[in-house]
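Colleague: This is the structure I want to talk about, given as structure tokens.
The values are calculated or read from the model by the stated rules, or taken from the named source; none is laboratory data. Just so it is clear, the structure is predicted and the values come from calculations on it, not from any experiment. Here the Cβ positions follow ideal geometry from the backbone for every residue, glycine too, while neighbour counts run over all protein chains shown. Calculation scope for accessible area: heavy atoms of the full protein, side chains included, ligands and nucleic acids excluded. Shrake-Rupley method; radii C 1.70, N 1.55, O 1.52, S 1.80 Å.
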Amino acid sequence: MRTYTALIASLALLAGCSSVPLSKVDTEELEVTVDYRQLPDRVELETQWRTGFWNRRVDATANPPELLTRGGEILVLNRGADDGEYSLSLDPETGPYRLTIPDLAELRLPVGETVSLAGASSIAGDRFDREDELVLSVRGATDRPRGWSFTAWCGNESWTINRSLPRDETELELDLGRLMQQINNAAEADLNGQIRVRVSLWEAFDMDWQPPFKPGVARAEDRVEFEVNTASFRFQATVRIQLAQNAFFSLQNQAWPVRYCS
């Protein structure tokens with residue numbers, strides 16, 4: 001039993017750490033997840049290449065993915081720090097684009113109307129208390145699906161809350177206390193400190209996803225980052241009240257243990 005467990009652990013470690021050349025991958029088992037974001041000042045394209053039951057990383061260095069711009073320029077995606085990751089940052093004026101895996105597949109990447117969070121510049125980089133409420137203006141009616149997200153970081157970890165937004169909505173209301181409570185629930189901790197957060201507003205593109213391409217995100221987006229101050233005096237205690245013999249009623253002042261963030 002111990003040998004079997006060690007074998008499974010070794011296989012899992014091998015799957016996570018090793019990569020396989022694209023030339024040795026069965027194209028029917030290739031999966032390329034695409035994250036495509038059109039921001040007001042740039043386009044961000046990130047791809048993750050995986051294959052097989054063990055979700056092994058695919059090394060496409062010998063046959064790298066390419067991007068064809070509207071003007072006919074061919075750009076090779078940059079290899080990331082890890083195998084199976086290829087990305088590119090672009091000027092929106094050069095789109096729309098075609099992402100290609102030479103001799104294998106092609107995906108069209110549109111460029112649409114810019115999404116804007118009005119008032120974002122006035123709060124970018126600022127620090128707010130968790131009791132604060134912020135209101136940002138958004139463009140009026142749109143025919144694209146619309147949503148927004150709230151992401152918070154503690155060290156190298158992050159948690160994101162995603163919400164839909166009506167297509168005719170003109171304001172985005174941010175109740176920081178309520179949002180941080182939801183983040184705490186996701187983190188299973190009471191995050192304490194100067195918490196870096198990001199608010200993103202997005203409108204989704206209508207994409208024609210065909211194998212080996214898989215949807216990550218494909219959207220026009222605007223975002224702003226600031227800090228939420230959650231540092232305050234906290235205590236953890238449990239009060240036990242005896243109601244009757246061998247019967248107790250417990251009260252606890254908070255649901256999650258404190259986690260300090262820097």
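Colleague: Provide the per residue accessible area, probe 1.4 Å, for region 135-205, rounded to a whole number of square angstrom. Can you show the working numbers first?
Modeller: Numbers: 3180 Å² over 71 residues.
Each residue of region 135-205 exposes 45 Å² on average to a 1.4 Å probe.
Colleague: Give me the compactness ratio for region 140-220, meaning the Cα radius of gyration over 2.2 N^0.38 Å. Don't skip to the end; give the middle numbers.
Modeller: Values: Rg = 15.3 Å, N = 81, 2.2 N^0.38 = 11.7 Å.
Normalised Cα radius of gyration, region 140-220: 1.31.
Colleague: I would also like to ask the following. Hand me the GluC sites (Glu not before Pro) from region 67-101 located in a DSSP loop with no more than 12 other Cβ atoms within 10 Å, in residue order please. Provide the component values of the computation, followed by the final result.
Modeller: On the way: sites: Glu73, Glu85, Glu93; in loops: Glu73.
Filter output for region 67-101: Glu73.
Colleague: May I ask you to list the GluC sites (Glu not before Pro) in region 122-196 that are in a DSSP loop and have at most 11 other Cβ atoms within 10 Å of their Cβ? Show your work: numbers first, answer last.
Modeller: Working: sites: Glu131, Glu133, Glu157, Glu169, Glu171, Glu173, Glu188; in loops: Glu131, Glu169, Glu188.
Here the GluC sites (Glu not before Pro) that fit, given the DSSP loop and packing criteria, are Glu131, Glu188.
Colleague: Please report the net charge: other residues with Cβ closer than 9 Å to the Cβ of Tyr36, K and R +1, D and E -1. Display every interim value, and only then the final one.
Modeller: Details: positive: Arg37, Arg219; negative: Asp35, Glu44, Glu46.
Once all neighbours under 9 Å are counted, the net charge is -1.
Colleague: Another question, if that's okay. In 5 Å bins starting at 0, how do the alpha-carbon pair distances of region 55-116 split up by percent?
Modeller: That works out to 4, 16, 26, 22, 16, 10, 4, 1, in percent per bin.
Colleague: Now, a different point. Whole angstrom only: what separates the Cα centroid of region 198-233 from the Cα centroid of region 95-138?
Modeller: Cα centres, region 198-233 to region 95-138: 7 Å.
Colleague: While we're here: Starting from 0 in steps of 10 Å, tell me what percent of the Cα-Cα pairs of region 29-150 lands in each bin.
Modeller: 10, 34, 27, 20, 9, 0
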